[in-house]
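Report on the following structure.
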C-alpha cells in the first residue's frame, strides 16, 4: 500500500520520502514504482519525461525521524497494530512542519485513539487508500474526535491533486468500505470452508455477478490474510459476532499463508502472478 501511495504522490508532482526499516524492502519498492511508471510509458498513458521526473522526486529512508523531517504530510501505512501506528505518528509529529498533517491509512483502527497520543490531535486524520492505488479512485477521509475542518479541507485538496475522489466518514469501526469488505471476505471464506464452491468460482461470482474488479478471496490474498484477521478481530470486539473470523482464516495465518506477499494464500503465486487452478477447494481443507 505504501508503495502505491508513494507512486501516486510522486507522479502528481510532490516530493516524497518512502520510509521502511528494511533497506531491502525500500529497494524493492523503488523497483516496483519504476515498473509501474514504465508500464504507463509503454501504454502511452505517461510521458517518458514525466516518469523520469516522478522517480527523481522519490527518496527513501530507514528512519521515520529523518524521512518525515519538515514534511507537510505523513501518510502512515504500517501494519494494523495500534501501538506501532502510535509510535510512528508520534516520532513523525516531533520533526514535521508545525502545520503538517498526520494521516493514518488504517482500515479499521481508531483515528481518535491514535490522535490522543499526539501533542496536537487536531492535525490527525484518517486517509484510507485502496489497492491497487494507481487504479483505485476512492480515498476515505476519516474524522477523529479532534480532527478540524481545515485538516479535512487540506486532505481533500491532496486527494484531488492525485486525481482521486474523497468521501468523508465520521470515525466508526471499519469505516464504510472496510466494514463491508471484511464481511464479504469473511463470508467468502466460510463458503470456501464449507465446500459451497471452489475459490475460483466464488471469486468469479463476485466479479461477473456484481461487476467487482476482484473477487473477495483474491482481494484477501492481495491485502494479506494476517491484516484481514487483525481487522476482523477488531470488528468482532467492537461490532459483535457477525464479524467473528472464519476458522479457515485463522488456520491460514498460523500456517504463514498470508497471500500474494509470501507467494501463497487462497491461491499460489509465481513472481506475483496467480497460478491458474491453484485455489483452495472445500474438499481439500
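Read-outs throughout are calculated quantities, based only on the coordinates presented, and are distinct from any laboratory measurement. Just so you know, these numbers come straight off a predicted model, no measurement behind them. Positions of Cβ are generated from backbone atoms using ideal geometry, with glycine treated the same way; all protein chains shown enter the neighbour counts.
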Checklist line | Radius of gyration, Dmax [segment 72-125; alpha carbons; angstrom] | finding: 9.7, 27
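Report the rotationally averaged projected area of segment 65-171 based on its alpha-carbon convex hull, in square nanometres.
6.0
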Check: Can you give the calculated 222 nm mean residue ellipticity of the chain, where each DSSP H run of n ≥ 4 adds -39,500 (n - 2.57) and the sum is split over every residue, rounded to the nearest 500 deg cm²/dmol?
Finding: -14500 deg cm²/dmol
Checklist line | Degrees, to the nearest 10: 177-194 long Cα axis against longest axis of the chain | finding: 20
Check: So how compact is segment 4-138: Cα radius of gyration and Dmax in angstrom?
Finding: 15.3, 46
Checklist line | Within segment 1-36, backbone nitrogen closer than 20 Å to the virtual label 7 Å beyond the Cα of residue 66 toward Cβ | finding: 3, 6, 15-31
Check: Considering every pair of different Cα atoms, what Kirkwood radius, in Å, is found for segment 1-62?
Finding: 11.5
Notebook entry, point to check: Can you give me the relative contact order of the chain as a percent, contacts being Cα pairs under 8 Å and 6 or more apart?
Noted result: 13
Next item on the list: Throw me the Rg/Rh for the chain, computed over C-alpha atoms with Kirkwood Rh, two decimals.
Entry: 0.97
Item checked: Rounded tilt (10° steps) of 82-93 against the dominant C-alpha axis of the chain -> 20
Next item on the list: Take segment 177-284, compute every pairwise Cα distance, and split them into 5 Å bins from 0; I just need the percent in each bin.
Entry: 2, 14, 25, 26, 21, 10, 2, 0
Next item on the list: Using only Cα atoms, locate the centre of segment 213-285 and the centre of segment 99-132, then give the distance between them in Å, rounded to an integer.
Entry: 26
Margin query: Suppose each label sits 7 Å from its Cα in the direction of the beta carbon; what would the residue 275-residue 255 distance come out to in nanometres?
Written below: 1.3
Item checked: Antiparallel DSSP beta bridges within the chain, as percent of all bridges there, nearest 5 -> 30
